[in-house]
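Visitor: Mind looking over this structure? Questions follow.
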Amino acid sequence: MDRADITTEEVLKRDIPWETYMSAKLITETHLQLLRRYDKTSASQRAALLDEDGPAFVRVFMNILSDISKEETVEYVLALIDEMLAANPKQARLFHDNSLSSEDTYQPFLKWDLIVIVFLLKWLQEGNLFIQDKSSKILTLIVSAHPKGQDGLVPNGESSHSKSKISNTDMVLNGLLDWLCSQLKTPSHPNRTVPMAINCLAILLREPCVRVSFIQSDGVKLLIPLISPASTQQSIQLLYETCLCIWLLSYYDAAVDYLATARVLPRLVEVVKGSTKEKVVRVIALTLLNLLPKAACGAQMIDLGLPQIVQSLKAQAWSDEDLLGALNQLEDGLKEHIKTLSTFDKYKQEVLQGHLDWYPMHKDPGFWRENITNFEENDFQILRVLITILDTSADPTALSVACYDLSQFIQYHPAGRIIVSDLKAKDWVMKLMNHENAEVTRHALMCIQRLFLGAKYASLLQY
C-alpha cells in the first residue's frame with residue numbers, strides 16, 4: 001500500500017510482536033507488561049491508564065521510537081500517540097513530566113521527521129508520509145505544551161540561559177519550523193504536506209515566541225499564495241487555517257509591518273467579499289480589526305472598498321455572534337479612520353466606493369489646485385474609476401459628479417485634456433449627452449466642451 005494512503009485505523013489493526021522485541025532486548029519486561037495493558041484496549045481503558053500513570057506509558061513509547069527502527073512498528077507507536085493526543089490534547093503535558101527529565105523527549109520524532117537540525121542531531125533519516133504526518137502533529141502538540149520559561153521557550157521569544165540539553169526546545173522549535181516552511185516551499189506530497197504544515201502552524205503560532213521565530217524564518221510570504229477563494233471542503237479548511245495563522249501573526253508588530261507592505265490585505269478582502277463560510281469570514285474580520293489601527297493598513301482597507309464590503313456582509317444572515325460583533329467593530333473602526341483622512345483621502349474613498357455626491361470638495365477650486373497631482377497616483381486610478389462610473393452607474397447624481405470632476409481635472413491639470421482622451425473617456429461622456437436627466441446632460445456637455453477646447457480655454461467656460 002502507498003504510505004500516502006494508509007490510515008491510522010489500518011495501522012492500529014496490526015499485531016506487533018512485542019514479545020519478540022523483549023526477547024531481542026529491545027524492550028524490557030516492564031515495558032512489555034505496560035504495552036499488554038495498553039495495546040488493543042478500549043478508549044476509556046486507555047484514558048484510565050494514562051490518568052493512573054501516564055508518564056510510564058510515554059516512557060515506553062519514547063524508548064520504542066528510540067531503539068526500534070522497523071517502519072511498521074514506528075508507524076504503530078506514532079499512531080498510538082496520535083490517537084492519545086487526539087482524544088485529549090492536554091495529554092501532551094505528559095511528555096514534560098518531571099519523571100522524564102532525563103529522557104530526550106524530542107529525539108525519536110526528529111529521527112523520523114526530516115527536520116534538518118544538523119547542530120542538534122546528525123542521524124535524521126527520511127520517513128514516509130504517514131510518519132511525517134504523525135511526527136509533525138505530535139511534535140507540534142508537545143512543543144506547544146512545553147512549560148513556559150523552561151529549557152529555552154519563553155514568552156518574548158528569547159532563549160533562556162539554559163543551553164545544556166541537546167534537545168533544547170528552541171532548537172527543536174526552529175528545526176520544526178524549518179521543516180514546515182520547507183513543505184510550504186517544496187511539498188514532498190502534492191496534496192497532503194501543505195495542509196499538514198498549515199495545520200501545525202495554526203497551533204504553533206498561538207505562542208508569541210513562535211511568531212518571532214516564524215518571522216525570522218521569513219515564513220509569512222509562504223502563507224500569502226494560499227489566501228485565495230476556495231470552493232471544496234478541503235480547500236476551505238486550508239484557507240481557514242491559513243487565515244487563522246495570519247490572525248495570530250496580526251498580534252505581533254514585526255509581522256504587521258510585513259503584512260502592511262505585502263499583498264496580504266487585497267487577498268483577505270477579496271476572500272471575505274465572496275466567502276459564505278462563517279468561520280472564514282469571522283477570522284478575516286478579526287484579522288482586519290487587529291490590523292486597522294496599525295501602519296498604513298487602515299488607508300489600504302479603505303482604498304480596497306472595505307467599508308462597502310462590511311456593509312454588504314452585515315446584511316447577510318449570520319448566526320455567529322462573534323462574527324456579527326467583529327463586523328460591527330470593523331465598521332465603526334473604519335468610520336473613525338475615515339474621519340482622520342485628508343481631504344483628498346476622503347475624496348478618494350468616495351470615488352472608490354462609487355458613492356459620488358455633491359460634497360463641498362468637488363466645487364472647491366482650492367481642492368483641485370492643491371491635489372491635482374494626486375490624481376496621477378497608481379496610473380491615474382481615480383480617473384479610471386470615474387470613467388467606470390460613467391459606464392456602469394444608474395445614479396444621476398453620481399453621473400453628474402463624475403462628469404464634473406473629469407472636467408475639473410481637464411481644467412486644472414496641464415495635460416488634462418490629453419490624459420482624459422487617452423483614457424477613452426470621451427465616448428462615455430458623449431453618450432450621457434442624451435441622458436434623460438437634465439443635470440447629467442448639462443455636466444456631460446460641459447465636460448465635452450472642455451475636452452475639445454483644452455486647458456487654455458476651459459477656464460473661460462462657466463457652469
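Visitor: At a probe size of 1.4 Å, how large is the accessible area of Thr441, to the nearest 10 Å²?
Guide: The accessible area of Thr441 comes to roughly 40 Å².
Visitor: Pop a pseudo-label 7 angstrom from the Cα along the beta-carbon direction at both Lys424 and Asp67 and give the gap in nm to one decimal.
Guide: For Lys424 paired with Asp67, the spin-label model returns 7.7 nm.
Visitor: Can you tell me which of 21-33, 279-291 comes out highest on packing, and rank the rest after it, using the mean Cβ neighbours within 10 Å? Walk me through the numbers before you get to the answer.
Guide: Working: 21-33: 14.5, 279-291: 23.2.
Output ranking for 21-33, 279-291: 279-291, 21-33.
Visitor: Ok, one more. Mind giving me the FRET efficiency for Asn328 and Asp391? R0 is 35 Å, r the Cβ-Cβ distance, nearest 0.05 is fine. Display every interim value, and only then the final one.
Guide: Numbers: r = 34 Å, r/R0 = 0.97.
Efficiency for this residue pair is about 0.55.
Visitor: Just check the stretch 2-64 against the gyration tensor rule for me: Cα atoms, a ≥ b ≥ c as the square roots of the eigenvalues, rounded for a/c under 1.5, and otherwise prolate or oblate depending on whether a/b exceeds b/c. Before the final figure, lay out the partial values.
Guide: Working: a/c = 1.96, a/b = 1.15, b/c = 1.71.
Oblate, because a/c is 1.5 or more while a/b does not exceed b/c.
Visitor: I'd like the orientation of helix 169-185 relative to the chain: the angle between its Cα long axis and the longest Cα principal axis, in ° from 0 to 90, rounded to 10.
Guide: That helix lies at roughly 60 degrees to the long axis.
Visitor: Decide, for the stretch 354-405, between rounded, prolate and oblate: order the square roots of the alpha carbon gyration tensor eigenvalues as a ≥ b ≥ c, take rounded if a/c falls under 1.5, and otherwise choose prolate if a/b is larger than b/c, else oblate.
Guide: Values: a/c = 2.93, a/b = 1.25, b/c = 2.35.
Oblate is the answer for the stretch 354-405, as a/c is 1.5 or above yet b/c matches or exceeds a/b.
Visitor: At 1.4 Å probe size, what's the solvent-accessible area of Asp322? Round to the nearest 10 Å².
Guide: 110
Visitor: Taking the 0 to 90 degree range and rounding to the nearest ten, how far is the long axis of helix 71-87 tilted relative to the main principal axis of the chain, both from C-alpha atoms?
Guide: 60
Visitor: With every protein chain left in place, what is the accessible area per residue of the chain in square angstrom, probe 1.4 Å?
Guide: Details: 21560 Å² over 463 residues.
Per-residue value: 47 Å².
Visitor: Along the charge dipole of the chain, which of Leu248, Ile372, Val269 sits closest to the positive end, that is, farthest toward it, with unit charges on the beta carbon of Lys, Arg, Asp and Glu (+1, +1, -1, -1)?
Guide: Of the options given, the answer is Ile372.
Visitor: Check which residues have an amide H placed less than 5 Å from Leu356's amide H, if you skip close sequence neighbours.
Guide: Result for Leu356 returns nothing.
Visitor: Testing the spin-label approximation: label points 7 Å from Cα along Cα→Cβ at Ser99 and Ser217. State their distance in nm.
Guide: Distance between the two pseudo-spin positions: 3.3 nm.
Visitor: Please tell me which of these pairs span more than 21 angstrom C-alpha to C-alpha: Lys277/Lys335; Lys134/Lys279; Lys277/Lys314; Lys294/Lys335; Lys277/Lys348; Lys70/Lys134?
Guide: Details: Lys277/Lys335 26 Å; Lys134/Lys279 26 Å; Lys277/Lys314 14 Å; Lys294/Lys335 15 Å; Lys277/Lys348 31 Å; Lys70/Lys134 16 Å.
In this structure, Lys277/Lys335; Lys134/Lys279; Lys277/Lys348 lie more than 21 Å apart at Cα.
Visitor: To continue, here is another question. Can you give me the angle between helix 438-453 and the longest principal axis of the chain, using Cα atoms only, in degrees from 0 to 90, rounded to the nearest 10?
Guide: Helix 438-453 and the main axis of the chain meet at about 80 degrees.
Visitor: Name the residue farthest towards the positive end of the dipole of the chain from the options Ile418, Ser319, Pro293, assuming +1 on Cβ of Lys and Arg, -1 on Cβ of Asp and Glu, about the Cα centre.
Guide: Ile418
Visitor: Computed from the coordinates I sent, percent of Cα pairs over 42 Å apart equals one of (i) 17; (ii) 31; (iii) 38. Tell me the label.
Guide: Correct label, based on the coordinates given: (iii).
The values are calculated or read from the model by the stated rules, or taken from the named source; none is laboratory data. Just so you know, these numbers come straight off a predicted model, no measurement behind them. In this analysis, Cβ positions are derived from the backbone assuming ideal geometry, glycine residues included, and neighbour counts consider all displayed protein chains. Ligands, DNA and RNA are excluded from the accessible area calculation, which covers all protein heavy atoms including side chains. Shrake-Rupley method; radii C 1.70, N 1.55, O 1.52, S 1.80 Å.
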